[in-house]
Amino acid sequence: MNAEDPRSTPAAPAEPQAEGTDALIAVLMDIERHVSAQGWDQPARLFALVRTDELIRNEPSLAAHLAVGNEDALSSIEQEDFHAGENPLETLARIQWPASVAGCAIALERTFLPSQYEADLPRDDEAAAAAVANHPLKQDIRVVVGALRDGSRHGVARLVSNPEHLLGATDLVPNLTEAVAGTLR
């Protein structure tokens, strides 16, 4: 995976991309920049993704505030009343978007350990979370994962320890991506 190019994917065989992948990557990068501008230690944030041309058609007063460079461009609308709770996957499972929403994205921060230390974690969730939080090699990451109704899926991520690099892949956080896509049923 090329850390400089969020459109890159892991070395595994590439799956065919859905039509909206480029537009999805662009809006996820915009969301990540927006969230990053407010620093770290933020709660999870949820965004409805809508076609920019449809948004302007329905809300002409927004035209001056939105850049339309591509007919497939997407705009994000933050859901300010969103609270992920203790389990964001369960919270996402209770959300269903109307047909006018083309997609969904979530930005959240997590702490993780390099994979070689995962086997040493306690089985109990609370004990494992405490062990990760206190481990000297823990890493903090912000992920922004999105999905569109056309099947496009992608994620971008930034490590607090390496903030100049934006990582990206279609399968960056598979369970979270599935939960986001599930909101579009």
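The values are calculated or read from the model by the stated rules, or taken from the named source; none is laboratory data. Being a predicted model, the structure only gives us computed values, none of them experimental. Methodologically, a virtual Cβ is constructed for each residue, glycine included, from the backbone with ideal geometry; neighbour enumeration extends over all protein chains shown.
If you go through the stretch 105-124 one residue at a time, how many are assigned to a helix (DSSP H, G or I) and surrounded by 11 or more Cβ atoms within 10 Å (Cβ to Cβ)?
Qualifying residue count for the region: 2.
Could you check the stretch 75-97 and list, in sequence order, the residues that are touching a residue at least 60 places away in the same chain (Cβ under 8 Å) and over 14 Å from the mean Cα position of the chain (by Cα)?
Those that are touching a residue at least 60 places away in the same chain (Cβ under 8 Å) and over 14 Å from the mean Cα position of the chain (by Cα): ALA93, ILE95, GLN96, TRP97.
Filter the stretch 69-104 down to the residues that are assigned to a strand (DSSP E or B) and exposed (fewer than 13 other Cβ atoms within 10 Å of the Cβ) and list them by number.
Correct list: ILE77 only.
Looking at (1) part of a loop (DSSP other than H, G, I, E, B); (2) touching a strand residue (DSSP E or B) at 6+ places or on another chain (Cβ under 9 Å); (3) loosely packed, with under 12 Cβ neighbours inside 10 Å; (4) touching a residue at least 12 places away in the same chain (Cβ under 8 Å), can you tell me which one LEU137 breaks?
For LEU137, the failing item is (2).
Every residue in the stretch 20-57 that is over 12 Å from the mean Cα position of the chain (by Cα) and of a type in the set (Val, Ile, Thr), please.
THR21, VAL50, THR52, ILE56
What are the residues in the stretch 147-164 that are touching a strand residue (DSSP E or B) at 6+ places or on another chain (Cβ under 7 Å) and of a type outside the set (D, E, K, R), if any?
ALA147, LEU148, HIS154, GLY155, VAL156, ALA157, LEU159, VAL160, SER161
Assess whether HIS154 counts as being over 22 Å from GLN38 (Cα atoms) and part of a strand (DSSP E or B).
Here the answer is yes, as HIS154 does meet what is asked.
Report, by residue number, each residue of the stretch 157-185 that is of a type in the set (A, V, I, L, M, F, W, C), surrounded by fewer than 21 Cβ atoms within 10 Å (Cβ to Cβ) and in a loop (DSSP other than H, G, I, E, B).
Across the stretch 157-185, the qualifying residues are VAL160, VAL173, LEU184.
Kindly establish whether GLN79 is in contact with a strand residue (DSSP E or B) (Cβ under 8 Å, 6 or more places away or on another chain), among the polar types (S, T, N, Q) and at pLDDT 95 or above.
Numbers: in contact with a strand residue (DSSP E or B) (Cβ under 8 Å, 6 or more places away or on another chain): yes; among the polar types (S, T, N, Q): yes; at pLDDT 95 or above: yes.
Yes, satisfied.
Go through GLU164, GLU118, GLU126, GLU178 for me and flag whichever is among the charged types (D, E, K, R) and within 16 Å of the chain's Cα centre (by Cα).
Numbers: GLU164 fails: within 16 Å of the chain's Cα centre (by Cα); GLU118 fails: within 16 Å of the chain's Cα centre (by Cα); GLU126 fails: within 16 Å of the chain's Cα centre (by Cα).
The unique qualifying residue is GLU178.
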